[in-house]
Amino acid sequence: MNTLGNIIWFIFGGLFVAIEYVISGAILCLTIIGIPFGIQTFKLAKLSLFPFGKKTILNEKADGCLSISMNILWILIGGIWIAATHLFFGVILFITIIGIPFARQHFKLASVALLPFGRKIVKL
């Protein structure tokens with residue numbers, strides 16, 4: 001079922017979301033200060049390409065103050081807008097019964113897009 005969900009997700013928007021993440025990650029990597037944010041954006045691109053069958057957990061080895069400060073800076077730079085976009089599409093997709101699994105994936109991506117530092121992506 002995860003494979004079918006990933007195929008449908010990929011065809012109906014997953015590829016476009018991943019391309020947007022890759023382009024923004026490449027732009028962020030142009031500066032030395034933006035490289036950590038660009039790397040996180042590439043991780044979001046990978047997750048948004050095939051989100052079914054994957055889960056995000058808090059990383060036990062996360063650098064306490066560093067990940068908190070990076071998350072705050074990330075929210076100020078644009079993480080809030082990425083998360084709001086995922087929430088918007090999640091609410092729209094949640095209206096239909098067929099769209100509920102895709103809405104749940106958008107909600108998962110919204111939580112990761114809001115606070116990406118200190119998280120790890122694992123397969124179920």
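Here the calculated FRET efficiency for Asn2 and Thr96, from their Cβ-Cβ distance with R0 = 25 Å, stands at 0.80, rounded to the nearest 0.05.
The sum of -39500 (n - 2.57) across all DSSP H runs of n ≥ 4, divided by the residue count of the chain, sets its helix-only mean residue ellipticity at 222 nm to -20000 deg cm²/dmol. Sorting Arg104, Arg119 on solvent-accessible area from highest to lowest, probe radius 1.4 Å, gives Arg104, Arg119. The alpha carbon convex hull volume per residue for segment 6-48 rounds to 36 Å³. Taking the Cα centre of the chain as reference, the dipole from Cβ charges on Lys and Arg (+1) and Asp and Glu (-1) amounts to some 360 debye.
If the viscosity is 0.890 mPa s and the temperature 25 °C, what Stokes-Einstein diffusion coefficient in µm²/s follows for segment 30-124 when Rh is the Kirkwood radius over Cα pairs? Approximately 177 µm²/s, per Stokes-Einstein. Working note: Debye formula, equal point scatterers on the alpha-carbon atoms of segment 1-78, no solvent; log10 I(q)/I(0) at q = 0.17 Å⁻¹ is -0.77. Multiplying the residue separation of Ile35 and Leu15 by 0.36 nm and subtracting their alpha-carbon distance yields 4.9 nm. For segment 31-73, the Kirkwood estimate of the hydrodynamic radius, built from every pair of different alpha carbons, is 12.0 Å. Each residue of segment 108-118 was assigned a 3J(HN,Hα) from its phi angle through the Karplus curve 6.51 cos²θ - 1.76 cosθ + 1.60 (θ = phi - 60°); the sequence is 5, 5, 5, 5, 6, 5, 7, 9, x, 7, x Hz, with glycine and proline shown as x. Relative to the 2.2 N^0.38 Å rule of thumb, segment 62-116 has a C-alpha radius of gyration ratio of 1.31. Amide H contacts of Arg119 (H built 1.01 Å from N, in plane; Pro and chain starts excluded): Asn59 sit under 5 Å, all sequence-distant by 5 or more or on other chains.
The values are calculated or read from the model by the stated rules, or taken from the named source; none is laboratory data. Bear in mind that the values here come from a model prediction, so they are computed numbers and not experimental data. Reconstructed Cβ throughout: ideal geometry from the backbone, glycine too, with neighbour counts over all protein chains shown. Note: areas computed on protein heavy atoms with side chains; ligands, DNA, RNA excluded. Shrake-Rupley method; radii C 1.70, N 1.55, O 1.52, S 1.80 Å.
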